[in-house]
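Take a look at the structure below.
Computed from the coordinates by the stated procedures, all read-outs in this text should not be read as laboratory data. This is a predicted model, so every value here is computed, not measured. Cβ: placed from backbone, ideal geometry, glycine included. Neighbour counts: every protein chain shown.
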Ligand code: ADP
């Protein structure tokens, strides 16, 4: 199977109070297009940092991150943003909706960035898909946590990403809302073939993916089913 993400000898070192802090140490893995992968591990083990590097939100200190065959370390900030816009969706634990924009306008942002046509109609369709057509003109502060997360899903789906990264997508949600969000994610994988990479503490959610990568202290502790995913 074609691999969509190749991580080779990736380390991330932060400078903190005049000291070097190695947060990720020589990480290696490849992920096949269309697969579903969970990244688990204790708090502070480097999961969010790893996700950010894989998604091109941040840059590795050493090593190579290749997304869709594109080596991200050679790119400028703008070039990385263009790669993200074309291939990547990202869902944050705390939603990160723009507070001054309505639900609809939040979903329209990536479409505008891409210069898409019929932006409003398309954004409404996406909101309908996550069951929020009737909340289109609400601002984030007027929405529940579950609704905000579904808006952020609609926004992440809007560029039909080849790969979707989700950082604790259900971390702030009750069980029923979590299930809705998880179903939307897996439907996207099934229907559109979107590769899913999910950082989660939820072992039940991890068990539903084809592969689980466990991180501890910035290194891979175990990698279940690497050949399958
Ligand atoms: P996890 O997602 O597994 O909880 P993180 O990737 O958020 O872990 O953080 C891993 C480690 O890196 C933590 O010790 C955290 O304090 C540190 N860290 C994260 N971001 C920075 C930063 N910008 N500068 C310095 N240290 C950081």
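Below is a table of values for the structure above.
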read-out: Helix 77-87 axis, angle to the chain major axis (alpha carbon atoms, nearest 10°); value: 60
read-out: Folded to 0 to 90 degrees: helix 119-129 orientation relative to the chain principal axis, Cα; value: 80
read-out: Protection proxy ranking of 188-196, 36-44, 110-118 - average other beta-carbon atoms within 10 Å, highest first; value: 36-44, 188-196, 110-118
read-out: Sequence-separation-based contact order of the chain, relative, with Cα cut under 8 Å and 6+ spacing, percent; value: 28
read-out: Span from the segment 100-119 Cα centroid across to the segment 176-209 one, whole angstrom; value: 24
read-out: Selected from 71, 133, 175 as most flexible by GNM, with the chain as the system and alpha-carbon contacts under 10 Å; value: 175
read-out: Cα coordinate range in segment 113-154, projected on the principal axes (Å, largest first); value: 30, 18, 16
read-out: Residue with peak Gaussian network fluctuation, the chain [Cα springs, cutoff 10 Å], from 34, 131, 56; value: 131
read-out: Calculated P(r) tail over 27 Å for segment 3-228, as whole % of Cα pairs; value: 32
read-out: Rounded to 10°, Cα long-axis angle of helix 145-157 versus longest principal axis of the chain; value: 80
read-out: Simple spin-label estimate for residue 22 and residue 81 in nanometres, 7 Å along Cα-Cβ; value: 3.4
